[in-house]
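A.B. asks: Below is one structure. I have some questions about it.
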Amino acid sequence: MKKVLVCLATGTALASVPAFAQGAPETSFTGPRVEAIVGYDITKAGSSVDDDANADNDQSIDGFMYGVGAGYDYDFGKAVVGVEGEFTDSTAKTSFDNGDFEGFGIGNVKAKRDLYVGARAGIKATPSTLVYLKGGYTNARFGSRASDGTNVGRYNIDADGWRIGAGVEQKMGSNTFAKLEYRYSNYSKAEVDFSKDIPDSDRFDVDLDRHQIVAAVGYRF
């Protein structure tokens, strides 16, 4: 009788292991991931081009940013490191407010695509919550418009810079996750991209600060 009870108890315990494993949340951050990104985007004239003499001059452009990202992370247990890249766009642009031009230091522009590649490293606050820092290279494009009163010229300005940021990633299931992140970018070099038939200009100095607060949802394979 004792042997029967032992066998039954052992069988019950073994049967419960797969059920427990199936119901337990997946806590590993290892693997490739893709995500959709949305947020608030503001670009300001940096300290070297501030127009402090004119307090009414709006030296920033802001708008809604959106895009996609991808990356690969490796979970070491308590720490997580990875590489990542993004392609985003923005609705931010200069405007005329009641007939008054609201520029921000480099003319009449509109934010366009932004490319980013970098790395991140973080620690687990809980088995399913990652707190991380990030940093890398960013290349932002701004569309510019100029007019001499008769003709209107349009061209792109491609600006190179660096980005740092911090965020929190929360696993929502075995493969899905959500993120909240702040990032700061600074652009110090740029060139004018005229057209296919005209070579790009020489690189010149700029000073642009970019602040973004973003949220993302994604899937880890």
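None of the figures in this text is laboratory data; all of them are computed from the coordinates on show. These figures come from a predicted structure and were not determined experimentally. Cβ sites come from the backbone with ideal geometry, for glycine too, and all protein chains shown count toward neighbours.
A.B. asks: Fully extended, how many nm does the chain gain between Asp202 and Asp160 (0.36 nm per residue separation, minus their Cα-Cα distance)?
C.D. replies: Contour length minus Cα-Cα distance gives 13.8 nm.
A.B. asks: Right, something else. With the crude spin-label approximation of a point 7 Å out along Cα→Cβ, what separation in nm comes out for His211 versus Tyr184?
C.D. replies: That separation, rounded to one decimal, is 0.9 nm.
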